[in-house]
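Below: the structure, in structure tokens.
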Amino acid sequence: MPTIAYHLCDVFADGPLSGNQLAVVEAGEPLPEADLQAVAKEFGFSETTFLGAPNEDGSVPFRIFTPSVELRFAGHPTLGSAAVAARDGRRTGIVLECAVGAIETTLEWIAENAVDVSMVQPNPVISPYQAPDALFAALGIDGSVLPVELYDNGMTYVVVGLADEGAVAALRPDFAALAELTAVSGVNAGVSCVAGSGCRFKTRMFAPGFGVAEDPATGSAAGPLACHLARHGRTRWGEDIEIHQGTEIGRRSILRATAFGSASGIDEVWVAGEVDLLGRGELTWSPVSRP
């Protein structure tokens, strides 16, 4: 039976053991393909990542799994994986390779087991959302104060604007109806609900179609959110915003995001946050796929 070495991380935490926890499995003897999903389900976090052996240029391939599906890209797993891959030698920059391509990260070590990590995200592709009325009904709201649009940066998100932070906190979505929206809209998307002003915003992100009812911190949604706010005049291009998430499920998180561009288009998207390396462990795994 193979022994799997892994690291546990808190990403975007606003206090001890808050944020979004992540398991990062170190590069080692490759597991059978079917076992990757099974290991992620066993950990039970929003995501689990698997690091590959470094490439000749020093970049590190990795794969991302929720408890139920593999993802092409995700935010907090990228930051946490960068922290683990860069910990030896306390590297200040590393490139990770996932299904959407190369993700450049920058690291600033702030303590022995704590590091601030930023990444340059893929620029999102934007399109109208095709089922806003069904979405509003599933969320239990009357409508959105911002245009309802779909963003795809390797993950897909629809952004819904609410009147104030209290309205975001009061959301009681119908998760079964949200999961069924794929059949209506033709796309499986997380739903990012936001309110705020200035540079501070509160968000909640629901993704039952990906096996995550509510996510404590969603880095891949933070970039599109910064783009959406800038595109619709709620913030300025190039302005750093602070995103608060996870309070309602007891996992307070703080994310930072910046969208660079203009009315003619998006130039670059940055997302950043703190990663705390909680510890390392080993798991003796009985393979799902047997000879």
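The values are calculated or read from the model by the stated rules, or taken from the named source; none is laboratory data. Every value quoted in this text rests on a predicted model; they were computed, and no experiment measured them. Cβ atoms come from the backbone with ideal geometry, glycine included; neighbour counts cover every protein chain shown.
Among THR284, THR258, which is the only one that is without any contact (Cβ under 8 Å) to a residue 40 or more places away in the chain and at negative phi?
Of the residues listed, the single one that is without any contact (Cβ under 8 Å) to a residue 40 or more places away in the chain and at negative phi is THR258.
Of everything in the stretch 169-206 that's assigned to a strand (DSSP E or B) and out of contact with any helix residue (DSSP H, G or I) (no Cβ under 8 Å at 6 or more places or on another chain), which residue is modelled with the lowest pLDDT?
SER197
If only one of PHE50, PHE45 is under 16 Å from the mean Cα position of the chain (by Cα), at pLDDT 95 or above and among the hydrophobic types (A, V, I, L, M, F, W, C), which one is it?
After applying the criteria, what remains is PHE50.
Identify, from the list VAL60, VAL39, VAL24, the residue that is within 19 Å of THR105 (Cα to Cα) and touching a residue at least 40 places away in the same chain (Cβ under 8 Å).
When all the criteria are applied, what remains is VAL24.
Go through the stretch 112-155 and tell me which strands (runs of 3 or more DSSP E), entirely inside it, have 2 or more residues that are more than 30 Å from ARG91 (Cβ to Cβ).
Fully inside the stretch 112-155 and qualifying: 125-128, 149-152.
Residue by residue, here is whether (1) in the same structural domain as CYS9 (by TED's automatic domain parsing); (2) surrounded by fewer than 20 Cβ atoms within 10 Å (Cβ to Cβ); (3) touching a residue at least 24 places away in the same chain (Cβ under 8 Å); (4) over 30 Å from THR3 (Cβ atoms) holds:
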residue: ALA195; (1), (2), (3), (4): no, no, yes, yes
residue: MET205; (1), (2), (3), (4): no, no, yes, yes
residue: GLY211; (1), (2), (3), (4): no, yes, yes, no
residue: ALA221; (1), (2), (3), (4): no, no, yes, yes
residue: HIS228; (1), (2), (3), (4): no, no, yes, yes
residue: GLY233; (1), (2), (3), (4): no, yes, no, yes
residue: GLU248; (1), (2), (3), (4): no, yes, yes, yes
residue: ARG251; (1), (2), (3), (4): no, no, yes, no
